[in-house]
Amino acid sequence: MNKQRITVSVIGGHDASSEVEQLAQNVGKIIAKMGCVLVSGGLEGTMKAASKGAKEENGLTIGLLPGTDKQDANEYIDIALPTSIGFARNVMVACSADIVVALPGSHGTRSEISYALVYKRPVIDLGNWNIDGMITIAGVEELESTIEGILSQKADESV
């Protein structure tokens, strides 16, 4: 089997405050610096800000869009994948990830967290979700070491 790049899904609200958008942008930068592929829902708000951060570090971004038109993707998406399945695409955002980073959001974000936990994906909590099974960190400054720890643990388990 060929070696796949690590995918990190960034999930969060469509309507995000400037503070949350800055957090998302920093998350995107870290993901790209680590050589991981950023996956999101590909639209506005948190998704756009995280993708922008990744692009600022020459990262690769994938947007799993709810509709049928690639043109719906924000300008920072490299690979737009229209799904035509609306909110059901949240399953794909969660399941396609090796790791999920959850930022503040609403019901759609909560559904992605739930799916990620069902599919046993590590979910890093940067949105004060306080849901059992998530990995809570104090802030974005702990993100890189947390991702490295998860990847190291996965490598140990596969030996």
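What follows is calculated from the coordinates using simple rules that are stated; it is not laboratory data. All values derive from a computational prediction rather than experimental measurement. Cβ coordinates were reconstructed from backbone atoms using ideal geometry, including for glycine residues, and neighbour counts include every protein chain displayed.
For THR7, the residues whose modelled amide H falls within less than 5 Å of its own, excluding neighbours fewer than 5 places apart on the same chain, are VAL37, ASP98, ILE99. In this structure, the amide hydrogen of ALA80, modeled 1.01 Å from its nitrogen in the peptide plane, lies closer than 5 angstrom to those of GLY63, counting only residues at least 5 positions away or on a different chain. Label zone (GLU57, point 7 Å along Cα-to-C-beta; backbone nitrogen cut-off 15 Å) within region 28-51: 28-39, 49-51.
Sparsely packed loop sites in region 14-109 (the GluC sites (Glu not before Pro) outside DSSP H, G, I, E and B with at most 16 other Cβ atoms within 10 Å) comprise GLU44, GLU57, GLU75. Lysine pairs in region 28-75 8 or more apart or on different chains: how many have alpha carbons under 16 angstrom apart? Count of close lysine pairs: 6. Between the alpha-carbon centres of region 140-155 and region 45-91 there is a gap of 24 Å. In loop segments of region 70-122 as defined by DSSP, the trypsin sites (Lys or Arg not before Pro) with at most 10 further C-beta atoms inside 10 Å of their C-beta are LYS120.
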